[in-house]
Amino acid sequence: TIRKFPSTSKTLGNIPGVGPYTAAAVASIAFNEPIAAVDGNVIRVTSRLACIRGGGDPTKPGTAAAKACKATAELLLCVDRPGDFNQAMMELGATVCTPRGPNCGGCPISAGCGARSLQESEAALLSGGDADAEQPFAVTDLPEKQKKAKSREETVAVRIVEAVRIGSVTEGCAGSTSAGVGAAPSESSSFLMVRRPEGGLLAGLWEFPSVVMPTVEKEAAAATAEDRAAAVQALVDSLSIPGLSSHTEPGGESKTRGDARATNHKESRDNTTSIGPRSVGQVVHIFSHIRQTMTVEHLVVTLEGEAVENGGGEGSKGDSPEWRWVQSSDMEAAGLTSGVRKVYDLVLKDGKGNNGISKGKGKGKGKGKGSGKPAAGDEVHTDSAGVSANISANVTANATANATASGAAAAVGKPEESAIGKMFAKQHLSKRQKTK
């Protein structure tokens, strides 16, 4: 059976994988159906042209701003040549009305652009010394984007446990006094790694023993260094690692049980040797929704070689994570996440005078602009200053030259409420009548 290829946006939309934009584009270009195809370029053009603000993110279906952009494109549509109109709008957005650095001077519809008109008026206020225009509106403020939720602040206590085989303490491990401060770990040292839970952030990945400290409302009640040390020590103890069962007294002196001799051999700049876990600084790591400040301690212990080489397993408690020893020579290939890598690098650099807060390399610089906040809710505000009422019958001019903010408001609400809306509605109706 030979099936006829769908020729309308409705039937095209029934094909799996074909969305509203694709259906409208194919229907208008291939079958001359008078329907506007609204993609990201068209959203940008219409939102700036009609200066659509306060209706949410127009790229999110269902928002008032998205409906306004769709209505504006439909209102301007040339029903005689819908395919050419849609392609012209897309090309305008891709080459002239770009996301950053739009060529407003070379834009064929700049005379009727509500966003450009508002930008110029606020720039004039600023030059006149108006205090309310310190951050003037810019064309590039549109289309408005959905505001991201503020990142959650977390403090994470991290302890790097470096194990050195007995008899190899002076062979150049990261904490060795003989190798010098900041020396690279030798093959005789290994690092304790634990696996994150299967589920949630960075599920199943390996990291140094870490504990997220409870979030507190008041800074005065924030966890102290002793609290962080106790929390991460409890985690290490729960692993029941053979030969490693130590805890640190508040004064910093290390106590051991079994055959472990826990000693931090890291030498400070005044040539004194630290005993027990020693703070080496902080690392700030930012996820999309979490800002973590990791406070890092470094503890060097000497263990029997067999305990390190064959080390790995699960903790004695049901909720204890899986653990393993990773030789220093294998750390580069251990698949460390960027946050764990920052912690490891901090310890390697510790003896070279690089203590303090280490930040990531992200370049998240934002320059938010705006001339006042839009009204709350989904109410759409448009600016009609500088609107041109001269609407040409020419296809190109109709698609570009005289779209207005008042026209967008009429498209979303009632066209008869504005004079310019009446003009749009009348012209739109007459074109549809001609096609019948």
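Taken over the stretch 315-336, residues that are open to solvent by less than 30 Å² (accessible area, probe 1.4 Å) and at pLDDT 85 or above amount to 7.
Report whether or not A73 is open to solvent by less than 30 Å² (accessible area, probe 1.4 Å), closer than 16 Å to P20 by Cα, of a type in the set (G, A, S) and at pLDDT 95 or above. Criteria met by A73. Scanning the stretch 48-79 for residues that are free of Cβ contacts under 8 Å to residues at least 40 places away in the same chain and closer than 22 Å to R100 by Cβ turns up just one, A66. When E120, E91 are screened for being under 29 Å from the mean Cα position of the chain (by Cα), open to solvent by 30 Å² or more (accessible area, probe 1.4 Å) and acidic (D, E), only E91 passes. Within the stretch 1-40, the set of residues being of a type in the set (S, T, N, Q), in a helix (DSSP H, G or I) and either in contact (Cβ under 8 Å) with a residue 40 or more places away in the chain or surrounded by fewer than 18 Cβ atoms within 10 Å (Cβ to Cβ) (or both) comprises T11, T22, S28. The residues of the stretch 220-248 that are over 17 Å from A157 (Cβ atoms) and at pLDDT below 55 amount to a single one, A220. Considering the stretch 260-314, and only residues there that are assigned to a loop (DSSP other than H, G, I, E, B) and in contact with a Phe, Trp or Tyr (Cβ under 9 Å, 6 or more places away or on another chain), the residue that is modelled with the highest pLDDT turns out to be G311. Taken over the stretch 77-115, residues that are in contact with a helix residue (DSSP H, G or I) (Cβ under 6 Å, 6 or more places away or on another chain) and not in a loop (DSSP other than H, G, I, E, B) amount to 14. Pairing residues of the stretch 90-110 that are farther than 16 Å from T140 by Cβ and touching a residue at least 24 places away in the same chain (Cβ under 8 Å) with residues that are in a helix (DSSP H, G or I) and open to solvent by 70 Å² or more (accessible area, probe 1.4 Å), at Cβ distances under 9 Å and at least 6 apart in sequence or on separate chains, gives P108/T396. For the stretch 41-62, name all the residues that are assigned to a loop (DSSP other than H, G, I, E, B) and open to solvent by less than 30 Å² (accessible area, probe 1.4 Å). Scanning the stretch 41-62 gives A50, C51, I52, G54, G55, D57, P58.
The values are calculated or read from the model by the stated rules, or taken from the named source; none is laboratory data. Keep in mind that what you see is a predicted model, and the values were worked out from it rather than measured. Every residue, glycine among them, receives a Cβ derived from its backbone with ideal geometry; neighbour counts consider all protein chains shown. Protein only, heavy atoms only, side chains kept; ligands, DNA and RNA dropped before computing areas. Shrake-Rupley method; radii C 1.70, N 1.55, O 1.52, S 1.80 Å.
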